[in-house]
Amino acid sequence: MAEFNVKTDFLAVGDGVTVDSASFSHAVTALDSVGGGTLLVPVGTYVMSNVGFGSRITVRGEGTGATVFLMDPAAVSGAVVCRVAPASGITATSNVVLRDLTIDGSKDTWGRDSPQKGYGYYLGQGTRGLITRCRCVNVEIRNCLTYSFDVENATDISLESCWAHDNGYTTGTGTEHNCDGFTLIGSDITALNCQSYDNAQRGYLCGQDNTNWARIKLIGCSASGNGNHGASLGSNSGGTLTDSEIIGGSYLSNGGTGVQLTTNAVRCRVVGATMTGNSASGIRLSTATFCAVTGNTVYNNATAAGSSPEIQLSATSTNNTITGNVVSSANAAHAIAEQSGGATDHNAVTGNNVTSTGTTLVLNGAHSLASGNVG
């Protein structure tokens, strides 16, 4: 496979002022002409927008904070710093690797009151399944106005040791600035040991499309200080998210729920994670079915809403199991509770160690079960 250097072979400057978009585009064209390869990006700050990486290309920096891709301050609204696949059209793209670098969306160029949109790294197209087998390794995305890691309609994607922080604004009049750290819409997407913190909206948004998706996994990930939920797994009314998992990791001090399994989450699991200090519940199941919450440590959540249980089942959540968790609270009204009224039923709450300042367990479903809980 070919190996090119964007500075020595394509005359990129990397001085934080010169716009280097053309140099990167020429490098991608050259790599594509020889069947792919590696583009080396030395230390520097490269100003760019809407640079697209094609199939069988590895883009390798020299480390986060050392190699920086900076949004062009003259970019039009809706620009992406860099992307997989073109902005429009139908183009199958696969085997793209981005690693060891920082993407900076330069959000303060426009400010919290601007209508400008600005994205970090976009892997996706309007047509489902054309983006496949792509990886991000040791990539930091910061200071984007809109989305940072934006994976949409893609399959077989992995993000390893990546982090997203300080994206979006929580105040101001800009309507497009409620930014999630990681937007993961597709199937067979894995985030491993990633961090998402101090973003304006959710740490991880998984699913949430009017399409059926499956097997999105957050393994050993963390979310803290985000404006809304730490992680949200689910879909909209037109689709489902199935067989997806949160395994280990921590979800701390977020502005909403620590982790929620929401609309049409089916056969999803939350296993061995820690949730504390979140404004609402530690874990919430809302219109979730056949899901399992097992072996988690959930304590002292509901800091801004004392009526929220530490673990809550609501809005027609049925046939779920809450098992083997350690749940305690100085804040929440209940440790584990089903919503009163509605059709929340057929849930099993078993083998948990639960303590609470209020009622420990509240089951409202006529067929729900509590068994073997202690505390």
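The values are calculated or read from the model by the stated rules, or taken from the named source; none is laboratory data. Just so it is clear, the structure is predicted and the values come from calculations on it, not from any experiment. Backbone-built Cβ (ideal geometry, glycine too); neighbour counts: all protein chains shown. We work out accessible area using only protein heavy atoms, side chains counted, and drop any ligands, DNA or RNA first. Shrake-Rupley method; radii C 1.70, N 1.55, O 1.52, S 1.80 Å.
Restricting the stretch 241-254 to residues that are in a loop (DSSP other than H, G, I, E, B) and open to solvent by less than 40 Å² (accessible area, probe 1.4 Å) leaves a set whose member that is farthest from Thr289 (Cα to Cα) is Asn254. Within the stretch 193-231, the set of residues being open to solvent by 10 Å² or more (accessible area, probe 1.4 Å), within 11 Å of Phe182 (Cα to Cα) and part of a strand (DSSP E or B) comprises Gln195, Tyr197, Leu205.
Are any residues in the stretch 157-201 closer than 20 Å to Thr242 by Cβ and free of Cβ contacts under 8 Å to residues at least 60 places away in the same chain, and if so, which ones? If you could, list the steps in order and put the result at the bottom.
Of the residues in the stretch 157-201, the ones closer than 20 Å to Thr242 by Cβ are 157-158, 182-191.
Answer for the stretch 157-201, where residues must be closer than 20 Å to Thr242 by Cβ and free of Cβ contacts under 8 Å to residues at least 60 places away in the same chain: Ile157, Ser158, Phe182, Thr183, Leu184, Ser187, Asp188, Ile189, Thr190, Ala191.
The set of residues from the stretch 175-186 being open to solvent by 10 Å² or more (accessible area, probe 1.4 Å) and part of a strand (DSSP E or B) comprises just one member, Ile185. Among the listed residues Arg60, Arg56, identify the single one that is farther than 21 Å from Asp104 by Cα and touching a residue at least 24 places away in the same chain (Cβ under 8 Å). Among Arg60, Arg56, only Arg56 is farther than 21 Å from Asp104 by Cα and touching a residue at least 24 places away in the same chain (Cβ under 8 Å). Scanning the stretch 317-332 for residues that are at pLDDT 90 or above and hydroxyl-bearing (Ser, Thr, Tyr), we see that the one that is farthest from Ala265 (Cα to Cα) is Ser328. Just checking, does the stretch 297-319 include any residue being within 15 Å of Glu245 (Cα to Cα), out of contact with any helix residue (DSSP H, G or I) (no Cβ under 7 Å at 6 or more places or on another chain) and open to solvent by less than 30 Å² (accessible area, probe 1.4 Å)? No, the conditions are met nowhere in the stretch 297-319. Among the residues in the stretch 272-282, are any touching a Ser or Thr at 6+ places or on another chain (Cβ under 7 Å), hydroxyl-bearing (Ser, Thr, Tyr), open to solvent by less than 40 Å² (accessible area, probe 1.4 Å) and part of a loop (DSSP other than H, G, I, E, B)? Yes, that holds for at least one residue.
Restricting Gly358, Gly342 to those that are over 29 Å from the mean Cα position of the chain (by Cα) and either β-branched (Val, Ile, Thr) or open to solvent by 40 Å² or more (accessible area, probe 1.4 Å) (or both) reduces the list to Gly342.
Please verify whether the stretch 285-292 includes one or more residues that are among the β-branched types (Val, Ile, Thr), farther than 22 Å from Ser356 by Cβ and within 15 Å of the chain's Cα centre (by Cα). The answer is no, given that none of the residues of the stretch 285-292 is among the β-branched types (Val, Ile, Thr), farther than 22 Å from Ser356 by Cβ and within 15 Å of the chain's Cα centre (by Cα). Candidates are the residues of the stretch 1-43 that are open to solvent by 50 Å² or more (accessible area, probe 1.4 Å) and among the acidic types (Asp, Glu); the one that is farthest from Thr67 (Cα to Cα) is Asp32.
For the stretch 119-174, please list each of the strands (runs of 3 or more DSSP E) lying entirely inside it that holds at least 3 residues being open to solvent by less than 10 Å² (accessible area, probe 1.4 Å) and aliphatic (A, V, I, L, M). Reasoning before the result, please.
On the way: elements: 131-142, 149-160, 163-165.
Qualifying strands (runs of 3 or more DSSP E): 131-142, 149-160.
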